[in-house]
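Asks: Structure in structure tokens, see below.
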Amino acid sequence: MSEQKNIGVVVLAAGSSRRMGEPKQLLPYDSSVLLQHELQKVKELQLAFSVVVLGANASQILQHIDVEGFEVVENTEWEEGIASSIRAGLKACEQHRPELEGVLIVLGDQPRIQAQQLHQIVCADSELVAASYAGQVGVPAYFGRRYFSELKQLTGDRGAKAVLMSHSHEIKMIEIPEAAMDIDTRQQYEEVLKQHRIDSK
């Protein structure tokens, strides 16, 4: 993937990790920490513009994360829910790179998804592309410019999936079973680590 593709990416990592009891962005993963692992995958895509949205614990996270190559957006409205981070990330994309053709939305807590799978999404040659897993569709997902207005109208805990479901007949789906697993609890974290150890053998 080269910058000529003219696609942006927004990494959503503003949550408070309330159920985890500590910032999950800084949980050890592989040889790094969770959010650093996610940012490294995104950097491999070499997209035209990259944003990471932080919120709760932003100053603490920034002390431990290398954000070179990313526009850091601090979402002061993170308590509203994930929609506020989507809006903040899109706003940064439109302010800095108004010519972008579309945006890839990635969660900061899906470490089992590989860079190659993200590459499949942005290279799918469709205006609306989403991960397919366990009979569902969701993020990571690519949204062409014509969907930006709907993303910016999201509120509360209504995430990008709400826009996907409004246009379910338009989605090009990429099978990514790993998208079914994100990290909100200690149990989920331990399960992800277990799977990672198995995959690494």
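Asks: Would you mind telling me which numbered condition in (1) of a type outside the set (Asp, Glu); (2) under 25 Å from residue 74 (Cα atoms); (3) touching a strand residue (DSSP E or B) at 6+ places or on another chain (Cβ under 9 Å) residue 124 fails?
Replies: It is condition (2) that residue 124 fails.
To keep it simple, each residue is scored yes or no on (1) within 15 Å of residue 107 (Cα to Cα); (2) at pLDDT 95 or above; (3) out of contact with any Ser or Thr (no Cβ under 6 Å at 6 or more places or on another chain).
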{"site": "2", "(1), (2), (3)": "no, no, yes"}
{"site": "17", "(1), (2), (3)": "yes, no, yes"}
{"site": "25", "(1), (2), (3)": "yes, yes, yes"}
{"site": "39", "(1), (2), (3)": "yes, yes, yes"}
{"site": "47", "(1), (2), (3)": "no, yes, yes"}
{"site": "59", "(1), (2), (3)": "no, yes, yes"}
{"site": "71", "(1), (2), (3)": "no, yes, yes"}
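Asks: Report, by residue number, each residue of region 62-95 that is touching a residue at least 24 places away in the same chain (Cβ under 8 Å), under 22 Å from residue 153 (Cα atoms), among the β-branched types (Val, Ile, Thr) and out of contact with any Asp or Glu (no Cβ under 8 Å at 6 or more places or on another chain).
Replies: If the condition is that a residue be touching a residue at least 24 places away in the same chain (Cβ under 8 Å), under 22 Å from residue 153 (Cα atoms), among the β-branched types (Val, Ile, Thr) and out of contact with any Asp or Glu (no Cβ under 8 Å at 6 or more places or on another chain), then 86 is the only one that fits.
Asks: Let me ask something else. Could you run through region 152-161 and say how many residues are more than 15 Å from the chain's Cα centre (by Cα), surrounded by 13 or more Cβ atoms within 10 Å (Cβ to Cβ) and either among the small types (Gly, Ala, Ser) or assigned to a helix (DSSP H, G or I) (or both)?
Replies: Matching residues across region 152-161 total 1.
Asks: Also, I was wondering about something else. Step by step: first the residues of region 20-69, then only those that are part of a loop (DSSP other than H, G, I, E, B) and in contact with a Lys or Arg (Cβ under 8 Å, 6 or more places away or on another chain), then the one that is surrounded by the most Cβ atoms within 10 Å (Cβ to Cβ). Which residue is that?
Replies: 47
Asks: Could you say which residue among 124, 179, 134 is among the hydrophobic types (A, V, I, L, M, F, W, C) and surrounded by fewer than 15 Cβ atoms within 10 Å (Cβ to Cβ)?
Replies: Of 124, 179, 134, the one residue that is among the hydrophobic types (A, V, I, L, M, F, W, C) and surrounded by fewer than 15 Cβ atoms within 10 Å (Cβ to Cβ) is 134.
Asks: Next question, about the same structure. How many residues are in contact with a helix residue (DSSP H, G or I) (Cβ under 7 Å, 6 or more places away or on another chain) and under 30 Å from residue 99 (Cβ atoms) if we restrict to region 26-41?
Replies: Total meeting the criteria: 2.
Asks: Return the residue satisfying two criteria in turn: it lies in region 4-15 and is within 21 Å of residue 95 (Cβ to Cβ) and of a type outside the set (A, V, I, L, M), and of such residues it is modelled with the lowest pLDDT.
Replies: 5
Asks: For residue 194, which of the numbered conditions (1) touching a residue at least 60 places away in the same chain (Cβ under 8 Å); (2) under 24 Å from residue 33 (Cα atoms); (3) surrounded by fewer than 17 Cβ atoms within 10 Å (Cβ to Cβ) fails to hold?
Replies: Of the numbered conditions (1) touching a residue at least 60 places away in the same chain (Cβ under 8 Å); (2) under 24 Å from residue 33 (Cα atoms); (3) surrounded by fewer than 17 Cβ atoms within 10 Å (Cβ to Cβ), the odd one out for residue 194 is (1).
The values are calculated or read from the model by the stated rules, or taken from the named source; none is laboratory data. These numbers come from a predicted model, not from an experiment. Glycine gets a Cβ as well: all are built from the backbone with ideal geometry, and neighbour counts include every protein chain shown.
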